[in-house]
1. Test Ile194 against the criterion of being closer than 17 Å to Ala134 by Cα, in a loop (DSSP other than H, G, I, E, B) and modelled with pLDDT of 95 or more, and give yes or no.
2. Being open to solvent by less than 30 Å² (accessible area, probe 1.4 Å) and polar (S, T, N, Q) is the filter here; which residues of the stretch 4-24 pass it?
3. Specify which of the listed residues (Ile186, Ile213) is within 15 Å of the ligand (Cβ to nearest atom), surrounded by 23 or more Cβ atoms within 10 Å (Cβ to Cβ) and under 24 Å from the mean Cα position of the chain (by Cα).
4. Specify which of the listed residues (Asp240, Asp264, Asp256) is acidic (Asp, Glu), more than 16 Å from the ligand (Cβ to nearest atom) and over 21 Å from Gln199 (Cα atoms).
5. For the subset of the stretch 32-63 comprising residues that are out of contact with any Leu (no Cβ under 7 Å at 6 or more places or on another chain) and in a loop (DSSP other than H, G, I, E, B), which member is most open to solvent (accessible area, probe 1.4 Å)?
6. Condition first: in contact (Cβ under 8 Å) with a residue 24 or more places away in the chain and farther than 15 Å from Glu290 by Cβ. Now tell me which residues in the stretch 55-78 satisfy that.
7. Of the residues that make up the stretch 328-336, is at least one within 13 Å of the ligand (Cβ to nearest atom), closer than 19 Å to Tyr388 by Cα and assigned by TED's automatic domain parsing to the domain that holds Ala226?
8. Somewhere in the stretch 300-314, is a residue within 16 Å of the ligand (Cβ to nearest atom) and within 30 Å of Gln81 (Cα to Cα)?
Amino acid sequence: MASPQAITVRPFHYSSTGKPTLFCGQRSLESLAREHGTPLYVYSADQIRQRFHLFQQSATTSRQTLICYAVKANSALAILQLLAAEGAGFDIVSGGELERVRRAAPEALGRVVFSGAGKTTEEIDLGIQAEILAFHVESEDELSLLAARAARLRRPARFSLRVNPDVFAQTHPYISTGLSEHKFGIPIAQARRIYRAAQAHRWLQPHGVSVHIGSQICSAEPFGAAIQRVARLVRQLAADGIVLQSVDAGGGLGIDYESPRAFDPAATVSAYRQAIEQGLGNLPVSLVLEPGRFLVAQAGALLTRVLYVKKNVRRTFVITDAGMNDLIRPALYEAYHEILPVAPRTGRTLPVDVVGPVCESGDFFARNRRMPPVLPGDLVAVLDSGAYGMAQSSNYNTRPRPAEVLVQGREARLIRRRESIADLFAPELLP
Ligand SMILES: *Cc1c(COP(=O)(O)O)cnc(C)c1O
């Protein structure tokens with residue numbers, strides 16, 4: 001039997017022979033920059049598959065489990081297609097994401113769950129017609145609309161209430177969602193009454209209950225606590241004669257951006273899964289998990305070229321051709337991303353600010369970061385950028401968005417061409 005593939009934290013590593021230069025798997029980043037230009041997002045297909053398999057193989061019981069990749073983390077069609085081929089379902093939050101799944105993997109539409117607090121009538125109709133697995137309903141008004149649309153279309157609509165368990169997840173306040181002060185979900189104390197009332201609707205089918213307490217959560221405990229509360233609700237409902245088939249534990253499992261060498265992806269998934277199973281106990285339900293970041297963040301890097309190195313009175317600025325419009329996480333969440341020179345230069349490390357060309361002081365990738373010296377023309381890689389990187393990019397400052405490349409073995413496939421300036425003007429009208 002082949003020995004199991006080593007679990008890697010990142011696919012990015014320096015070549016072990018010759019002059020050190022950074023690789024993604026078996027492809028040198030230098031060759032990718034030469035071929036496709038910069039800024040460039042580079043992803044490893046092998047690493048994404050490996051992470052997906054970690055989730056698939058984390059079962060501690062025979063419970064039926066569906067892994068629904070959270071499309072918003074990185075919605076590239078090629079990535080959706082590769083995950084669908086591994087058996088993934090999808091967690092979507094808009095009609096646009098539904099169309100992405102349809103385009104990339106129409107056979108997976110039946111494995112789609114639809115989250116989001118503000119679904120429109122058009123989006124609900126799209127989901128009903130696509131016969132998705134379940135709507136995750138976030139308010140009583142939304143449930144009424146879903147019932148009305150299902151009746152109008154004469155198609156059944158399966159739903160799970162997304163409950164808010166009032167559990168504190170230790171994470172950045174912008175990405176915490178499971179406290180009663182947040183806009184997400186329905187207070188868990190109201191859920192029982194709403195499920196009961198929904199029984200009157202012929203076209204509504206109660207399917208399960210869902211919960212999502214936030215993102216970049218690095219301990220298993222809050223997940224276990226949330227699922228315990230959900231499990232109590234499922235038991236109460238069973239006593240009322242409402243039998244739910246499925247519990248959806250949401251996404252949110254975090255990675256270690258700051259000390260990746262101490263990070264153990266397999267142990268992290270396993271502790272997470274164990275906490276959830278413990279919360280469920282012997283409840284006879286299937287399980288849905290919605291990982292986003294954990295599957296794709298560390299598989300990706302933003303490759304960018306240094307334009308200038310500028311010394312002001314107090315600081316040294318390394319100005320790159322990528323900016324906050326390409327990767328907004330540092331600006332938005334003060335997120336830390338490790339930055340590696342593709343071909344390191346020798347010399348003393350110095351504290352620098354790595355910044356983009358966008359006209360905002362918030363346009364930085366790192367501040368006061370010790371780096372080996374870099375010169376104009378050097379390539380650097382902003383690591384752990386596979387999740388919420390390209391997905392949150394914009395055209396701010398009328399900057400075309402980067403191209404994206406997917407590396408598999410020795411092959412690197414362009415999965416999204418670089419935007420042209422003409423692309424940006426296309427929707428605009430002049431008299
Ligand atoms: C964003 C989101 C996810 C994925 O979160 P990650 O932190 O990327 O794992 C899963 N489910 C829902 C409902 C979400 O909103």
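The values are calculated or read from the model by the stated rules, or taken from the named source; none is laboratory data. Computed from a prediction, not measured in an experiment: that's the story for all the values here. Positions of Cβ are backbone-derived with ideal geometry, glycine not excepted, and every protein chain shown enters the neighbour counts. Each accessible area value is taken on the protein alone, full model and side chains, heavy atoms only, with ligands, DNA and RNA left out. Shrake-Rupley method; radii C 1.70, N 1.55, O 1.52, S 1.80 Å.
1. Details: closer than 17 Å to Ala134 by Cα: yes; in a loop (DSSP other than H, G, I, E, B): no; modelled with pLDDT of 95 or more: yes.
It is false that Ile194 is closer than 17 Å to Ala134 by Cα, in a loop (DSSP other than H, G, I, E, B) and modelled with pLDDT of 95 or more.
2. If the condition is that a residue be open to solvent by less than 30 Å² (accessible area, probe 1.4 Å) and polar (S, T, N, Q), then Ser15, Thr21 are the ones that fit.
3. Working: Ile186 fails: surrounded by 23 or more Cβ atoms within 10 Å (Cβ to Cβ).
Matching residue, one of Ile186, Ile213: Ile213.
4. On the way: Asp240 fails: over 21 Å from Gln199 (Cα atoms); Asp256 fails: more than 16 Å from the ligand (Cβ to nearest atom).
Only one candidate passes the filter, namely Asp264.
5. The selected residue is Gln57.
6. Pass one, the stretch 55-78, residues in contact (Cβ under 8 Å) with a residue 24 or more places away in the chain: 55-56, 58-61, 63-78.
Answer for the stretch 55-78, where residues must be in contact (Cβ under 8 Å) with a residue 24 or more places away in the chain and farther than 15 Å from Glu290 by Cβ: Ala59, Thr60, Thr61, Arg63, Gln64, Ala76, Leu77, Ala78.
7. The answer is no, given that none of the residues of the stretch 328-336 is within 13 Å of the ligand (Cβ to nearest atom), closer than 19 Å to Tyr388 by Cα and assigned by TED's automatic domain parsing to the domain that holds Ala226.
8. Going residue by residue through the stretch 300-314, those that are within 16 Å of the ligand (Cβ to nearest atom) are 300.
Then keep just the ones that are within 30 Å of Gln81 (Cα to Cα); that gives 300.
For the stretch 300-314, residues within 16 Å of the ligand (Cβ to nearest atom) and within 30 Å of Gln81 (Cα to Cα): present.
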